[in-house]
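**Q** Here it is: the structure, laid out below.
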Amino acid sequence: MDAAAAPAGLALDPGFVSLAALPPGTAGRVVGVGLRSGALSALERRLLEFGFVSGEHVEILAEARPGRDPFVVRVGHTTLALRRREAESIWIELQRAEKATSPQAPVADVNERVELLRSKLAAQGAPETP
């Protein structure tokens with residue numbers, strides 16, 4: 001994992017960012033803790049014990065004012081308060097907002113299936129149903 005400077009903090013590969021650089025309301029998935037170039041520190045091992053393991057859902061809930069330190073984060077079903085310097089080695093893949101589907105979409109899908117079945121029945125010579 002190669003880290004690089006980014007406008008919002010440290011970035012890890014495209015799309016990965018340090019947990020310390022994120023504002024409240026941000027959600028994502030843990031990519032990893034620490035850097036691959038060296039062994040894990042005692043703090044990084046402790047973060048893994050807290051639940052910051054690869055693939056776990058993480059969300060920033062709140063931060064203290066002024067200074068943004070400490071901040072409240074939920075990892076899995078656990079809520080923790082962390083200092084920004086403690087969270088610098090936690091790498092996150094930001095969660096993308098999924099497109100909301102309208103409630104009419106499933107109804108339209110059912111209507112299309114009904115019309116397809118009617119056309120198949122008509123092609124087979126079955127009597128028309130109302």
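Since every read-out is calculated from the coordinates, none of them should be taken as a lab result. Computed from a predicted structure; not experimentally measured. Every residue, glycine as well, gets a Cβ built from its backbone with ideal geometry; the counts of neighbours run over all protein chains shown.
**Q** When you look at E44, is it touching a Gly at 6+ places or on another chain (Cβ under 6 Å), touching a residue at least 40 places away in the same chain (Cβ under 8 Å) and surrounded by 15 or more Cβ atoms within 10 Å (Cβ to Cβ), yes or no? It would help to see each step written out before you state the result.
**A** On the way: touching a Gly at 6+ places or on another chain (Cβ under 6 Å): yes; touching a residue at least 40 places away in the same chain (Cβ under 8 Å): yes; surrounded by 15 or more Cβ atoms within 10 Å (Cβ to Cβ): yes.
Answer is yes for this residue.
**Q** Oh, and also: Give, as residue ranges, the strands (runs of 3 or more DSSP E) completely inside region 52-94 that count at least 1 residues that are under 14 Å from G32 (Cα atoms). Steps first, answer last, please.
**A** Working: elements: 57-63, 71-75, 78-82, 90-94.
Those strands (runs of 3 or more DSSP E) span 57-63, 71-75, 90-94.
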